[in-house]
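Colleague: The structure's right below; bear with me while I get my questions together.
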Amino acid sequence: VFGFFMSMILYPLFGNWAWGGGWLSQLGVNFGFGHGYVDFAGSGVVHAVGGFCALAGAIVLGPRIGKYNADGSVNPIPAHHVPMALLGAFILAFGWFGFNAGSTLGLSGGGLSRAAIVAVVTMLAGAGGAVSASIFLVLRTHRPDPTMVANGMLAGLVAITAPSGFVSAPVGFLIGVIAGLLVCVSVDILDRFKIDDPVGAVSVHGVGGTFGVICVGIFADGTALFGGSWNGVPGAVKGILYGDSGQLIAQLIGVGTLIVWAFGLSYVFFKILDKVMGLRVTEQAELDGLDIPETGIMGYPSFPSTD
């Protein structure tokens, strides 16, 4: 039900505001804020919107049984198959080359040869996120948790999605490094507020996506010429470090809008859905797992049942 609501209302409306000639994209033409809201491949439109929808859902749903103790301490609930989780992360990383580089919508003419640079920047940002998350974890726990290293890589990829068409390779790596640190800190902050996010979706996509959108307003260097204009404003996109403070203002307006839109509307929707249909299974079903209640067979027969 939520998937239908998001795909029919939440995502397409914000996508229109940002990519379809809507009011966010026209902040430059109408108010002089840089080139308007710029999001090359969707750090905000795709990732941050999804991340803040996830935050709303996690708050309304509540934490899993046994996740938090009365004193606020956290009981980790590990993934059932870490190698499979890492395989999924690497498949995602491979897909990002099409996701970002393909967002040039062409490979020649009109500055579209930038696709090759976008691919390199994307790879370096993912690597930077994995490296910084690894170092952070080793310094804190003396061991690099593979699942969090994967999240660091994904956070780097999410963060570079918006600025990938406008920054150089070294800056792409730097953005990934910062995103890898942000995701580690964000996971801890959510746990302090007892917001249970089993796979770190809010931290990877919400926080990483928001950071990526802001990065356009900071690091865009003005070297990318996609047909000589963007969002109807002539010239190349430049961030505040390269002389255009208005671009950062446009990006911040976009961030504020997507948080209010995605989180606010999702929170209301989940609250209504909880009252009408209910969001949570019974306590016994949660403890046993949803294999039998949902499908009638055990997904993992070797796991003992609580019954």
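The values are calculated or read from the model by the stated rules, or taken from the named source; none is laboratory data. Predicted, not measured: the structure shown is a model, and the values here were computed from it. Here Cβ is always computed from backbone atoms with ideal geometry, including for glycine, and neighbour counts include all displayed protein chains. All accessible areas refer to the heavy atoms of the entire protein, side chains included, with ligands and DNA or RNA removed. Shrake-Rupley method; radii C 1.70, N 1.55, O 1.52, S 1.80 Å.
Colleague: Which of (1) modelled with pLDDT of 95 or more; (2) more than 24 Å from Ala115 (Cα to Cα) does Leu287 not meet, given it meets every other one?
Modeller: (1)
Colleague: Any chance the range 105-125 includes a residue that's more than 30 Å from Gly36 (Cβ to Cβ), among the hydroxyl-bearing types (Ser, Thr, Tyr) and without any contact (Cβ under 8 Å) to a residue 40 or more places away in the chain?
Modeller: no
Colleague: Scan (1) on the phi > 0 side of the Ramachandran plot; (2) in contact (Cβ under 8 Å) with a residue 24 or more places away in the chain for the single condition Gly243 breaks and write down its number.
Modeller: Only one criterion is unmet by Gly243, namely (2).
Colleague: Just to be sure I understand, how many residues within the range 246-263 are open to solvent by less than 30 Å² (accessible area, probe 1.4 Å) and free of Cβ contacts under 8 Å to residues at least 12 places away in the same chain?
Modeller: 0
Colleague: Do we find that Asp274 is closer than 20 Å to Ser7 by Cα, out of contact with any Phe, Trp or Tyr (no Cβ under 8 Å at 6 or more places or on another chain) and not β-branched (Val, Ile, Thr) in this structure?
Modeller: In short, yes.
Colleague: Go through the range 53-89 and count every residue that is free of Cβ contacts under 8 Å to residues at least 12 places away in the same chain and either of a type in the set (A, V, I, L, M, F, W, C) or open to solvent by less than 50 Å² (accessible area, probe 1.4 Å) (or both).
Modeller: 6
Colleague: Write out, first by first residue and then by second, each pair whose Cβ atoms fall under 7 Å of each other, whose residues are 6+ apart or on separate chains, and whose first residue, in the range 267-291, is within 15 Å of Ile59 (Cβ to Cβ) and open to solvent by less than 50 Å² (accessible area, probe 1.4 Å) while the second is modelled with pLDDT of 90 or more and not in a helix (DSSP H, G or I).
Modeller: Close Cβ pairs (under 7 Å, with a partner that is modelled with pLDDT of 90 or more and not in a helix (DSSP H, G or I)) amount to Phe270/Leu279; Leu273/Val1; Leu273/Leu279.
Colleague: Further question on the same structure: Can you find, within the range 171-195, the residue that is farthest from Pro76 (Cα to Cα) among those that are of a type outside the set (Gly, Ala, Ser) and open to solvent by less than 10 Å² (accessible area, probe 1.4 Å)?
Modeller: Per the criteria, the residue is Ile175.
Colleague: Checking the structure you have, find out if any residue of the range 28-42 is modelled with pLDDT of 95 or more, under 22 Å from the mean Cα position of the chain (by Cα), open to solvent by 50 Å² or more (accessible area, probe 1.4 Å) and not basic (Lys, Arg).
Modeller: No; the residues of the range 28-42 include none that is modelled with pLDDT of 95 or more, under 22 Å from the mean Cα position of the chain (by Cα), open to solvent by 50 Å² or more (accessible area, probe 1.4 Å) and not basic (Lys, Arg).
Colleague: Right, here's the next one. Here are the criteria: (1) open to solvent by less than 30 Å² (accessible area, probe 1.4 Å); (2) under 26 Å from Phe263 (Cα atoms); (3) of a type outside the set (Asp, Glu); (4) touching a helix residue (DSSP H, G or I) at 6+ places or on another chain (Cβ under 6 Å). Tell me which single one His205 does not satisfy.
Modeller: (1)
Colleague: Shifting gears a bit: Within the range 113-133, track down each residue that is open to solvent by 40 Å² or more (accessible area, probe 1.4 Å) and more than 21 Å from Phe211 (Cα to Cα).
Modeller: Within the range 113-133, Ser113, Ala116 qualify.
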